[in-house]
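Reviewing the structure listed below.
The values are calculated or read from the model by the stated rules, or taken from the named source; none is laboratory data. Since the structure is predicted, the reported quantities are computational estimates derived from the model, not experimental observations. Positions of Cβ are generated from backbone atoms using ideal geometry, with glycine treated the same way; all protein chains shown enter the neighbour counts.
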Amino acid sequence: MARTIDTARFVARRFLSSPKSHSIINVMSWVSVVAVGVPVAAMVILMSVFNGFDAIVRGMHGDFEPEITVMPERGVVMECAEGFKQQVEEIAGVRAATWVLDGQALLEYRGRQTTATVRGVDGDFEQVVPIEDMMDGGRYLLAEQSEANAVVGRGVAYQLGVRSGLSDSLRMYAPSRGRYSMLMPTSGVTLSKARPTGLFALDADTDGEYVLVTLGQAQQLLEYPHGASALKVRVAPSTNVAKVREQIARIVPEGVAVRTREELSSAMYKVLDYEKLAVLLIGVMILVVASFSVVGTLTMLMIDKRDSIATLRALGADTRMIRRIFIHQGMSICMLGALGGFVLGLAVSLAQQHWGIIRIPADTFLVDVYPVRVVALDLMVVVAAFTAVSYVATRATVKGRIKNMEQ
């Protein structure tokens, strides 16, 4: 059996590297190599670019929302107990934790109004969220004895006309809990004021929604004196998040849940996974179309080699061996093109990843070059998908053509 396979491969290589270089069949073979290589290179580059954008989206979301969130299973708030926070911070792998309290409020600034989420944060917020890296103007300054301060998201600031250098107060209105009178409607609203000291920018969904104030001010505005929406936990690098979550789950009181970032944003992560799958399927379809070139070349080659096939039969080659010869021939064309395309696509992707050769011609994006991230698993998927498509197309073509020649 091994000798038969070697003979089939030898004959296939001879057909591919025939000295009759002027033959149109040889030209078609090399055209097919290029036709296969280009979509393979495009698929490698496309997957790498998608991974780059995917990493940016996940990274931005991960900056504002840490790996683990401790939150009430039911209701809006949980008790803000410092003793519990200290227990969490003592767990191995936990870098820092911070209490947050979120609530909807109507914001007013210089006659302009909008709604936003007021997030109250404690003094450890900077250790959990790299807010200093997100500042787009002014300073991150919340705790000040003389007056209350606020750090406003860039999207919210745009709607209100807030500038970090202005001294006007930002007015925040929230509905009072259980206190409303038809005779005095204003009694059902709680008012709090803060001076904007800075603007932060991350993405449209985040900086277009949040305004940061101190935890105490948020508790007063939302009328939860000792409450918090969640305890946000930042895990140290290279730490197993699942194990840390299990340890936190052992010490949480009844009625409190522990959720990972992926669980809280499962819809977003599913969309990203589906988009990646769609990109992969589109790439496979392109490879299927590219395989038609090999099918045509292989068909013409088998017609051109009818005399050689007759000679092989006279020497004792059976149909199975002849089929194997041309399958090796087709796969050689496919693999040669795939190898060239793979190397080209990988080289372009790595060059873009390390040097940022191709830039984005706009100033409104978060990055100024096309992000690229080469993932070994995705490269293996591309190779496996192309190999499967090539083998199926080649085998079907050879089997059908030999059957027609024997009739």
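Looking only at residues of segment 281-298 that are of a type outside the set (Val, Ile, Thr) and surrounded by fewer than 18 Cβ atoms within 10 Å (Cβ to Cβ), we find that the one that is nearest to Val49 (Cα to Cα) is Leu281. Take the conditions (1) aliphatic (A, V, I, L, M); (2) farther than 20 Å from Ala105 by Cα; (3) more than 33 Å from the chain's Cα centre (by Cα); Ala236 misses just one of them, which is (3). Gln353: within 30 Å of Thr206 (Cα to Cα) and touching a residue at least 40 places away in the same chain (Cβ under 8 Å), yes or no? Considered against the rule, which asks whether it is within 30 Å of Thr206 (Cα to Cα) and touching a residue at least 40 places away in the same chain (Cβ under 8 Å), Gln353 comes out as yes. Ala310: assigned to a helix (DSSP H, G or I), assigned by TED's automatic domain parsing to the domain that holds Val34 and within 30 Å of Ile45 (Cα to Cα), yes or no? For Ala310, the condition - assigned to a helix (DSSP H, G or I), assigned by TED's automatic domain parsing to the domain that holds Val34 and within 30 Å of Ile45 (Cα to Cα) - is not met. Among the numbered criteria (1) modelled with pLDDT under 90; (2) farther than 30 Å from Val375 by Cα; (3) of a type in the set (A, V, I, L, M), which single criterion is violated by Val70? Checking Val70 against (1) modelled with pLDDT under 90; (2) farther than 30 Å from Val375 by Cα; (3) of a type in the set (A, V, I, L, M), the one that fails is (1). Looking across segment 234-276, just one residue is in a helix (DSSP H, G or I), touching a strand residue (DSSP E or B) at 6+ places or on another chain (Cβ under 7 Å) and among the small types (Gly, Ala, Ser), and that is Ala249.
For Leu301, the test of being modelled with pLDDT of 80 or more, assigned by TED's automatic domain parsing to the domain that holds Val382 and in a helix (DSSP H, G or I) is failed. Going through segment 82-122 one residue at a time, which ones are small (Gly, Ala, Ser) and under 27 Å from Val152 (Cα atoms)? Result: Ala96, Ala97, Gly103, Ala105, Gly111, Ala116, Gly120.
Within segment 235-287, track down each residue that is of a type in the set (Lys, Arg) and modelled with pLDDT under 90.
Scanning segment 235-287 gives Arg261, Lys270, Lys276.
Reported count of residues in segment 74-107, each being acidic (Asp, Glu) and farther than 26 Å from Leu221 by Cα, is 2.
Annotation note: Cβ proximity below 9 Å between a residue of segment 76-101 that is part of a helix (DSSP H, G or I) and a residue that is among the charged types (D, E, K, R) and surrounded by fewer than 21 Cβ atoms within 10 Å (Cβ to Cβ) (sequence gap 6+ or interchain) occurs for Lys85/Asp124; Glu89/Arg95; Glu89/Asp124. Within the set Gly138, Gly155, the sole residue that is crowded, with 17+ Cβ neighbours inside 10 Å and in contact (Cβ under 8 Å) with a residue 60 or more places away in the chain turns out to be Gly138.
Looking at the structure I just gave you, is Gly59 under 30 Å from Ala347 (Cα atoms) and either assigned by TED's automatic domain parsing to the domain that holds Val383 or under 26 Å from the mean Cα position of the chain (by Cα) (or both)? Taking the combined requirement at face value, the residue satisfies it. Checking Arg373 against (1) part of a helix (DSSP H, G or I); (2) at pLDDT 80 or above, only one condition comes out false. Which one? With (1) part of a helix (DSSP H, G or I); (2) at pLDDT 80 or above applied to Arg373, the lone miss is (1).
Conditions tested, residue by residue: (1) at pLDDT 85 or above; (2) surrounded by 13 or more Cβ atoms within 10 Å (Cβ to Cβ); (3) not polar (S, T, N, Q).
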| site | (1), (2), (3) |
| --- | --- |
| Lys305 | no, yes, yes |
| Gly316 | no, no, yes |
| Met321 | no, yes, yes |
| Ile333 | no, yes, yes |
| Ser349 | yes, yes, no |
| Asp363 | no, no, yes |
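In this structure, does Val44 turn out to be under 30 Å from Leu350 (Cβ atoms), modelled with pLDDT of 75 or more and buried (at least 20 other Cβ atoms within 10 Å of the Cβ)? Lay out the reasoning, then the answer.
Working: under 30 Å from Leu350 (Cβ atoms): yes; modelled with pLDDT of 75 or more: yes; buried (at least 20 other Cβ atoms within 10 Å of the Cβ): yes.
Yes.
Condition check: β-branched (Val, Ile, Thr) and in contact with a helix residue (DSSP H, G or I) (Cβ under 6 Å, 6 or more places away or on another chain). Does Ile282 satisfy that? No: the conditions fail for Ile282. Of all residues in segment 229-241, those that are of a type outside the set (A, V, I, L, M) have Cβ atoms under 7 Å from Cβ atoms of residues that are crowded, with 16+ Cβ neighbours inside 10 Å and assigned to a helix (DSSP H, G or I), 6 or more apart or on another chain, in Lys232/Val128; Arg234/Val128.
Filtered by the rule that a residue be surrounded by 20 or more Cβ atoms within 10 Å (Cβ to Cβ) and out of contact with any Leu (no Cβ under 7 Å at 6 or more places or on another chain), segment 212-233 gives Gln217, Leu221, Ala230, Leu231, Lys232, Val233.
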